[in-house]
Amino acid sequence: MTRATLARLLGGWIALLSLALPLWAAEGVRPPTVYAVLIGVGKYDDTAIQTRPHAEDDVKALYDLFTDPRYLGASRDHVQLLLGGAADRERNSQGATRDNILKAAKWVTTQAGRDDLVLIAYVGQGAALGERGDRIAYFAADSSLKEPARTAVLAAALGEELDRLRSQRVCLFVDVCFKGYRPARGGAPAEPNTGDDAAWREFIGRDKSDEGAAAPGRVLFLASGSGRLLSPDGDKHGTFTQVLLDGLGGKADREGYEPDGVVTVDELIDYVDKELPALVKKRVANEKERPLHDLLADEDAHFALAWNPAVEPKVRERLDKFAALAKGNRLPPDVLWEGQALLNRMPKIEARRDLRKEYQALVDGREPLDKFLSNRARILQGTRLAPDAARTFATTVLAATRVVQEDYVKEVNQGQMVDWAVHGLYRKLDETVPDDVTRKLANVKRLKEKELYALLIDVRRQLGRREDLDKHKDIDGALVRMLHHLDPYTTFYTPEDVKRLEEETSGQFIGVGVEIGKDPESDELLVLTPIRGSPAHEAGVQAGDVITTLTRVVDDKGKRLDPPEVIPTVGLDVAEAVKKIGGLPGTHLKLTVRRPGVARPIEFDLVRRNVQTESVFGVKRKADAGWDYWADVQNKIAYVRLAQFQGNSTHDMAEALAGLKKQGVRGLVLDLRSNPGGLLECARDITDLFIGEGVIVEVRPRAGAAEVLRGRVASSYVWEDPVTGEEQVRPLPSYTDFPMVCLINGDSASASEIVSAALQDHRRAVVMGERSYGKGSVQNVIDFEKEGEEVKSRIKLTTATFWRPSRRNLNKSSTPGRPEDEWGVTPDKVIPVEAGELFDLFEQQREREIIRPRDKPAVEEKAAVKDRQLDAALQYLRGQLNRPR
């Protein structure tokens with residue numbers, strides 16, 4: 001029986017008591033229990049904290065739903081309700097004080113077991129503390145703005161308690177605004193830093209095997225992903241809670257061919273994604289004041305959350321009939337358990353849905369037993385896996401383990417990796433590992449490769465043929481989850497990922513060249529901006545155009561479609577639209593757009609070709625959509641922002657610098673803030689532009705000699721023309737005769753750390769900003785599976801660590817990660833910024849990247865965001881240029 005099926009039984013044991021209890025006893029498994037902590041603070045002792053009118057009504061309604069036997073049936077002894085206002089004796093509430101909130105968190109972590117369902121809700125206000133807004137606090141009823149660090153619930157303290165949760169079925173609902181108060185000393189509330197990797201960790205925890213992932217089985221629903229805007233209220237409840245109540249009450253029970261009586265995590269996610277934005281839009285007229293909800297979740301969390309009482313009686317009736325039928329006809333154990341599971345829950349795969357229909361026909365009296373058994377045998381026969389498919393699975397997984405053993409930066413046991421692959425695959429499917437497989441895995445580290453091969457074949461054969469594992473999905477699921485145990489940066493690129501990876505690293509893709517989003521008013525596709533030099537840009541497609549239809553005249557393989565495929569974009573997912581817009585070079589695609597101020601639709605017949613994305617940006621766009629790089633024209637100080645290190649970045653940087661040199665550049669600000677990295681070769685070449693001869697970076701593998709990359713070894717680089725595809729060798733000039741400042745921050749990682757560290761160690765530039773991320777490891781992308789000359793999958797593997805020219809450590813994960821430890825790049829001049837300032841700067845940069853139509857007046861730019869780091873860089877350079885010689 002699957003984990004998800006067991007979750008469904010948490011409130012309905014009476015109906016199945018005679019059938020299920022003996023088997024549970026035989027297995028020695030305790031049925032899951034529901035634990036809940038519900039915190040609602042509508043009124044605070046400190047009147048400077050704004051009230052939340054429906055906060056307490058919201059959590060009371062959740063309490064009623066969770067304890068109602070029709071929906072969840074949680075024991076009242078297992079639910080703690082904490083209120084900021086008057087006590088609720090009927091619901092046995094407690095005061096939502098700081099101490100009580102932390103005690104409730106400790107209580108649930110000590111009580112809930114691994115398979116128990118844990119539900120936590122918080123509705124109220126919070127605050128961001130510290131200069132950077134990186135210390136999050138949640139206000140309790142007795143919190144004071146005069147001493148928030150002592151009287152509020154600090155995220156760190158809450159996280160410390162919730163990190164101890166053993167349950168792998170944890171669902172959290174958070175409706176909080178971190179700016180709903182008047183600061184004690186005046187001014188504006190601090191901006192919350194919810195955009196970094198540590199955001200919301202107090203709730204979602206951390207997967208110990210993957211620093212960037214949520215803890216196993218954690219799901220967090222957020223009314224406002226940023227915490228900057230308050231979720232609107234309705235007549236009785238907050239908008240967020242109202243949608244949750246409706247969804248958990250049964251409206252989210254939509255998966256499959258009919259409601260099955262259970263609301264799952266997946267169903268609630270889909271329901272909230274669809275219904276919450278629509279309701280917020282109705283209640284908040286100004287788009288900029290609408291909070292955007294968010295979801296943070298472990299990718300394998302698919303458990304059940306509540307019953308659907310509108311459907312449950314019919315489900316229970318069928319289960320009772322099946323129990324009687326099973327007893328009278330002495331059905332074999334596999335049919336007995338299978339029938340229970342399928343009548344309980346809507347399966348995800350088609351064959352099992354067909355089986356469910358057969359069981360329903362049997363218990364409804366529409367199909368005799370002999371015909372049922374015949375149809376069942378036929379369906380199961382269709383799920384048997386071909387022996388070759390199981391052998392291919394086993395061979396491929398073992399091949400991946402050998403790649404890791406040969407090249408990974410640390411030694412790893414092959415059997416351990418097979419264990420990760422098997423458990424990861426079953427976790428992806430939300431199914432329990434069979435007992436016989438579990439027994440074999442107990443000694444997996446000692447097994448020889450031949451034994452591991454047999455084990456993997458058996459695992460794949462037992463799972464059978466099913467659509468959630470076909471078309472390479474079995475290999476994908478096993479290897480993605482196997483490799484993520486190694487480190488956060490090692491991963492498996494599926495066949496679909498390979499194409500995306502090539503586009504990201506090369507900076508090129510085949511298409512028409514439009515960045516698209518969704519139009520909030522019509523739910524059609526919206527052109528955010530055309531890409532410079534692309535077919536769409538050259539044809540006159542403009543930012544703000546609404547794409548109403550896509551017309552494809554050929555399919556993905558270039559075969560002509562007769563008639564053409566006309567695709568309305570209403571409701572079309574952006575990811576799916578990107579696939580439809582892409583295609584083979586030289587093929588046609590028609591866009592029909594609605595343009596504000598133009599009465600008739602406009603049609604563009606575009607020819608797909610290679611499109612080059614930008615990674616080098618300046619201060620503002622020029623009339624020809626190129627970049628103006630002058631930050632200070634009078635002093636000839638230029639500003640160049642490098643967003644990432646991709647295939648065309650060296651060329652674009654060299655071209656920009658060549659133009660600036662001709663115009664007499666005297667100083668340069670190189671902005672690497674929030675640059676996540678990219679190609680090592682690109683980082684080497686761009687550093688080489690500025691330092692001339694000298695060590696750029698040292699790469700140290702697990703075994704063997706270190707590789708030292710130096711500047712001026714080759715004074716040229718290879719550039720591929722994006723239109724013709726021809727490779728050209730271009731000279732790599734040297735720019736060492738003007739002062740520089742390099743800007744970095746906490747999101748500057750990998751290749752951007754190589755460049756900034758080399759510039760700092762060679763004293764070529766003064767580094768300003770904030771300490772970098774500390775990713776000092778090298779990943780090689782290895783071609784894994786091939787079909788002829790075509791690469792079908794790749795493995796990105798951490799193969800070495802890199803060290804700066806001074807031979808100091810850059811890798812944070814090699815240290816305890818404390819502030820006093822040696823890692824990353826520490827600026828020569830540290831200039832901290834608040835999270836809100838960084839967010840505003842990002843928005844301003846994104847706004848300036850948009851290509852505006854030539855024939856329309858420029859959009860009036862908002863008041864320029866104050867960039868204290870850039871201001872300090874310009875001030876320093878002006879001082880260098882104007883000092884007496």
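The values are calculated or read from the model by the stated rules, or taken from the named source; none is laboratory data. In this text, all values refer to a predicted model and were calculated from it rather than measured experimentally. Because the Cβ atoms are built from the backbone with ideal geometry, glycine has one as well, and the counts that use them run over all protein chains shown. For accessibility, only protein heavy atoms count, side chains too; no ligands or nucleic acids. Shrake-Rupley method; radii C 1.70, N 1.55, O 1.52, S 1.80 Å.
Once you reduce region 32-66 and region 451-528 to the center of their Cα atoms, the two points are 40 Å from each other. Accessible surface of the chain, 1.4 Å probe: 50 percent of it comes from carbon and sulfur atoms. Restricting the GluC sites (Glu not before Pro) of region 243-347 to loop positions (DSSP other than H, G, I, E, B) with no more than 15 neighbouring Cβ atoms within 10 Å leaves 299. Contact order, relative form, for region 595-700: 23 percent (alpha carbon pairs under 8 Å, 6 or more residues apart, mean separation divided by residue count). In this calculation the C-beta distance from residue 392 to residue 107 is compared with R0 = 45 Å, giving a FRET efficiency of 0.35. When the Cα positions of 463, 41, 232 are compared along the charge dipole of the chain, 41 comes out farthest toward the positive end, with charges on each C-beta of Lys, Arg, Asp and Glu. Shown is the FRET efficiency for residue 763 and residue 556, computed with R0 = 51 Å from the Cβ-Cβ distance and rounded to the nearest 0.05: 0.45. Rounded to the nearest 5, the antiparallel percentage of DSSP beta bridges internal to the chain is 65%. Taking label points 7 Å from Cα along the Cα-to-Cβ direction, residue 257 and residue 92 give a separation of 4.5 nm.
Placing pseudo-labels 7 Å out from each Cα toward the beta carbon at residue 246 and residue 566 gives an inter-label distance of 3.3 nm. The length gained on full extension between residue 622 and residue 384, counted as 0.36 nm times the residue separation minus their Cα-Cα distance, comes to 79.4 nm. Say the cut-off is 22 Å between C-alpha atoms; which of 499/580; 471/786; 440/473; 321/357 go over it? With Cα atoms farther than 22 Å apart: 440/473.
With R₀ set to 60 Å, the beta-carbon distance separating residue 465 from residue 634 gives a calculated FRET efficiency near 0.25. Using only alpha carbons, the chain has a radius of gyration to Kirkwood radius ratio (Rg to Rh) of 0.97. Residues whose amide H comes within less than 5 Å of that of residue 767, counting only those at least five positions distant or on another chain, are 742, 828, 829 (H built at 1.01 Å from N in the peptide plane).
Sequence-distant contacts, meaning Cα pairs under 8 Å at least 6 residues apart, place the relative contact order of the chain at 8 percent. Normalised per residue, the accessible area of region 238-368 is 44 Å², obtained with a 1.4 Å probe and no contribution from ligands, DNA or RNA.
Heavy-atom accessible area for residue 682, with the other protein chains in place and a 1.4 Å probe, reaches approximately 10 Å².
Accessible surface for residue 588 stands near 80 Å², nearest 10, in the context of the full protein assembly shown (1.4 Å probe).
The heavy atoms of residue 258 present about 60 square angstrom of accessible area, all protein chains included, probe 1.4 Å.
Sort 796, 314, 251 from largest to smallest accessible area, using a 1.4 Å probe on the heavy atoms of the protein chains.
Ranking 796, 314, 251 by accessible area, largest first, yields 251, 314, 796.
About its Cα centre, the dipole of the chain is roughly 720 debye, where the only charges are +1 on Lys and Arg Cβ and -1 on Asp and Glu Cβ.
The lysines within cross-link reach of residue 445, meaning a Cα-to-Cα straight distance under 21 Å and a gap of 8 or more places when in the same chain, are 208, 410. Pairs exceeding a 20 Å alpha-carbon distance, out of 274/590; 775/796; 60/236; 236/282: 274/590. The angle between the Cα long axis of helix 387-407 and the main principal axis of the chain comes to about 40°, on a 0 to 90 degree scale. Ranked from largest to smallest solvent-accessible area, with a 1.4 Å probe on the protein heavy atoms, 136, 744 come out as 136, 744. At the listed q of 0.11, 0.13, 0.16 Å⁻¹, the Debye profile of region 270-410, built from one uniform point per Cα, gives log10 I(q)/I(0) equal to -0.74, -0.85, -0.96. Largest accessible area first, the listed residues 628, 300 line up as 628, 300 when surface is computed with a 1.4 Å probe on the assembled protein chains.
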